[in-house]
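The block underneath contains the structure these notes are about, expressed in structure tokens.
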Amino acid sequence: MSTPWDRVTWQKSDHVFARFAVQPVARFMDVEASGGLALVAAALVGLIWVNVAEASYHGFWGTHLAVDLSIVHIELTLTEWVNDLLMTFFFLVVSLEIKREFAHGELSDRRRAALPVVSAAGGMIVPVLIYVGFNAGGAGIDGWAIPVATDIAFALGVLSLLGKRAPLSLKIFLLALAVADDVGGIVVIAIFFTEDINVVAFGIALALLALVFVMQRVQIRAMGAPIVVGAALWIATHESGVHATIAGVAMGLAAPASTPYARGRFLESLARLRERFEKGMALDDKKERHDQTAAVLNDIEELARDTESPLDRVVHMLVPWTSFVIVPIFAMANSGLEFGGSAIPDAVGSSVFWGAGVGLVVGKLVGITGAAFLAVRLGLATLPRGISWLHVSGVALLGGIGFTVAIFLANLSFEDHQLVDNAKMGIFAASLVAAVLGYTLLRLTLRDQEPDQSEDDPAAARDT
């Protein structure tokens, strides 16, 4: 009977590719999808809390906390610490996933990347035009960026409800689309939401970022060094006037996507280590057998670590925290909408509500589907195997689930709390409508399909 070691030695290179390239993405999507449920639960807690005990909710999240480091003093409310500091880790993970997609994933091949990239562009431009159409010349025009981005966790969470009916190619298309979408959102934050720049602090931030690249170049592998430099980079970025979350984006894009040890040699080295392990197990002396096998196991651990890129290692470490802790806390801290009195009629009568709501639902549907259709008709891209135009439309509707980044942009766009609340009300309504319509359309169009075997067969998944 074959052992796990035997199975490792005869696996083909395409299985190795699937293990290192497809399975990390599949794990990422699974965690993000589950995190979408945690996000919804936390948002509901926030909504119930503020409507049952308004003073308690606002008193808690409005609590001021200060950090005094002698050379710098930062004082923010709890909500601001969540939005400026915790969300830095969220954008770090987003930028890491962006880099991984461009290095190894769906966006690494120019022709395969064309469809989600062009679709994402359409899904940003059309919603902005719709929002501007509702708010041109009014106080709400500053919120034009609100319907730009898609919430990866929420959208994948809805798609996961379809189970194996949804082909892996459709999930990958949604992930690539959302990643490309987030590139646009990050660019918008970096360019349009930067205050007056403190030149000294900005110069220090650039120097620290250069240090990160130097550390990468000389292959400093200890995790403590980038953590310390990253913390200093966040402080410098915050003090510079550039939104502090951009520090997370910069650290993510600087993370090495290559591995110290060539993955093509992994199985060879593993086979040699297996032989050493078996020889060690055959020793008669108990202590010597223990020492030699322990040394081999240590070498196996080091081999596995060196065969995994720092980028993948950080994603693996942070995604559960961002999905199940940071994003839900953000949702709870920013979902404090009061539904009593005239709150709902006031919001529905606001152009910001309709700009955000229609921009997300209709804008994403028209923009994503229309841009994808043009890209295919012009020969710039092809539809992935097993995906029809109805499926693209369903994914485009799920793209209208803005939630996390949309709320983040709403907070950045307005100082008037009423405008922020109107925008949040539109985002909530749009996300609910987009989720229901997207799920329903995909449920109907995928109901007669056989479950996609590629999810159980990594080699097949690679060809999707």
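Annotations for the structure displayed:
- Qualifying residue in the range 412-426 (condition: at pLDDT below 90, closer than 30 Å to N83 by Cα and within 21 Å of the chain's Cα centre (by Cα)): yes
- Verdict on G341 being out of contact with any Gly (no Cβ under 6 Å at 6 or more places or on another chain), among the small types (G, A, S), open to solvent by 10 Å² or more (accessible area, probe 1.4 Å) and modelled with pLDDT under 90: yes
- In the range 180-202, the residues that are surrounded by 20 or more Cβ atoms within 10 Å (Cβ to Cβ) and among the acidic types (D, E): D181, D182
- Any hit, the range 306-316, residues being open to solvent by 50 Å² or more (accessible area, probe 1.4 Å), of a type in the set (S, T, N, Q) and more than 21 Å from the chain's Cα centre (by Cα): no
- Among the candidates V405, V433, residue that is closer than 26 Å to L337 by Cα, outside any loop (DSSP other than H, G, I, E, B) and modelled with pLDDT under 90: V405
- Filtered residues of the range 50-76 (kept if over 24 Å from F339 (Cα atoms) and under 30 Å from the mean Cα position of the chain (by Cα)): H64, L65, A66, V67, I74, E75, L76
Rundown of residues vs (1) farther than 25 Å from A136 by Cα; (2) open to solvent by 10 Å² or more (accessible area, probe 1.4 Å), yes/no style:
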position	(1), (2)
S323	yes, no
P345	no, yes
V376	yes, yes
R385	yes, yes
G394	yes, no
G399	no, no
F408	no, no
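Here's the yes/no breakdown for (1) small (G, A, S); (2) at pLDDT 80 or above; (3) crowded, with 19+ Cβ neighbours inside 10 Å:
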site: E239; (1), (2), (3): no, yes, yes
site: G248; (1), (2), (3): yes, yes, yes
site: A255; (1), (2), (3): yes, no, yes
site: A271; (1), (2), (3): yes, no, no
site: E275; (1), (2), (3): no, no, no
site: K279; (1), (2), (3): no, no, no
site: D284; (1), (2), (3): no, no, no
site: E288; (1), (2), (3): no, no, no
site: L303; (1), (2), (3): no, no, no
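- Selection of the range 122-138 for residues being of a type in the set (A, V, I, L, M) and open to solvent by 60 Å² or more (accessible area, probe 1.4 Å) yields I125, L129, A136.
- Among (1) part of a helix (DSSP H, G or I); (2) open to solvent by 10 Å² or more (accessible area, probe 1.4 Å) - the single one A155 does not satisfy: (2)
- Criterion violated by L177 - all others in (1) open to solvent by 10 Å² or more (accessible area, probe 1.4 Å); (2) within 20 Å of S95 (Cα to Cα) satisfied: (1)
- Listing of helices (runs of 4 or more DSSP H) fully contained in the range 41-115 that carry 3 or more residues being among the charged types (D, E, K, R) and out of contact with any Lys or Arg (no Cβ under 9 Å at 6 or more places or on another chain): 87-103
The values are calculated or read from the model by the stated rules, or taken from the named source; none is laboratory data. Keep in mind it's a predicted model, so treat the numbers as computed, not measured. Methodologically, a virtual Cβ is constructed for each residue, glycine included, from the backbone with ideal geometry; neighbour enumeration extends over all protein chains shown. Surface accessibility is based on the protein's heavy atoms, side chains included, excluding ligands, DNA and RNA. Shrake-Rupley method; radii C 1.70, N 1.55, O 1.52, S 1.80 Å.
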